[in-house]
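Colleague: Below is the structure I would like to discuss, written out as C-alpha cells.
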Amino acid sequence: MEYFRIIKIKTTEDHIQKSLELNNLGEISTQLFNLDAPGEEVSNIGGIWGEFTLSRSKIKGGIRFALLECPNALCWTITTGFHQEPGTIAIHLTINRLQINQEFNEEIEEFLDDHCVRLQEFLSIEQI
C-alpha cells in the first residue's frame with residue numbers, strides 16, 4: 001500500500017538532505033524518538049509501532065527513511081522537484097501489504113499528518 005502527502009513549501013533537495021537528520025528527529029515527528037545517540041545513517045528509535053532501527057538515506061530529490069525490522073517494510077521518502085506542482089514537498093510512505101486493518105491505517109494517516117505539520121514548521125523556520 002502507499003500513501004502520499006503534499007506540503008506547499010519551496011525548498012531544495014540539498015536543504016532537505018542537510019536539514020532532516022536523525023539527530024533532530026523530534027523536529028520531523030512527534031511520534032518517533034531516538035533511544036540513544038543516533039549515527040548519520042541509522043538510529044535505534046522508539047515510536048508508535050515499537051522499537052526499530054531507523055535508516056536514513058540520501059536519494060534523488062531528498063531523503064528516504066526506513067524501519068529496518070518492520071514486518072510491514074514501512075518506509076517513507078521526503079522529496080522535492082518531481083511533482084506536478086512546483087514549490088512542494090512530497091511525502092510518500094509505503095508498506096508491503098495490500099490490505100490492513102482500520103486501526104493501522106488510521107495510525108499511518110496520523111503519522112503522515114504529524115509529519116506534514118512538523119515539516120511545514122521546521123522547514124519554514126530553516127528557510128529564514
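Colleague: Rg to Rh for the chain: what is it, with Cα atoms only and Rh by Kirkwood?
Modeller: 0.94
Colleague: Per-residue HN-Hα couplings for the stretch 113-119, Karplus 6.51 cos²θ - 1.76 cosθ + 1.60 at θ = phi - 60°, whole Hz, x for Gly and Pro?
Modeller: Listing the rounded values in order: 4, 4, 4, 4, 5, 5, 5 Hz.
Colleague: Tell me the mean residue ellipticity at 222 nm calculated for the chain from its helices only (DSSP H runs of n ≥ 4, each -39500 (n - 2.57), averaged over every residue, nearest 500).
Modeller: Roughly -9000 deg cm²/dmol at 222 nm, from the helical runs in the chain.
Colleague: If you don't mind, another one. Starting from the 7 Å offset along Cα-to-Cβ, what nm value, one decimal, do you get for the label separation of Ser55 and Lys8?
Modeller: Using points 7 Å along Cα→Cβ, the separation is 3.6 nm.
Colleague: Using the Karplus curve 6.51 cos²θ - 1.76 cosθ + 1.60 with θ = phi - 60°, what ³J(HN,Hα) values do you get for each residue of the stretch 25-41, in whole Hz, with x for Gly and Pro?
Modeller: Taking θ as phi minus 60°, the curve returns 4, x, 7, 8, 8, 8, 9, 10, 8, 6, 8, 8, 5, x, x, 6, 10 Hz for the stretch 25-41.
Here, each number is a calculation from the coordinates, and none is a lab measurement. The structure presented is a predicted model; accordingly, all values stated were derived computationally and were not measured. Glycine gets a Cβ as well: all are built from the backbone with ideal geometry, and neighbour counts include every protein chain shown.
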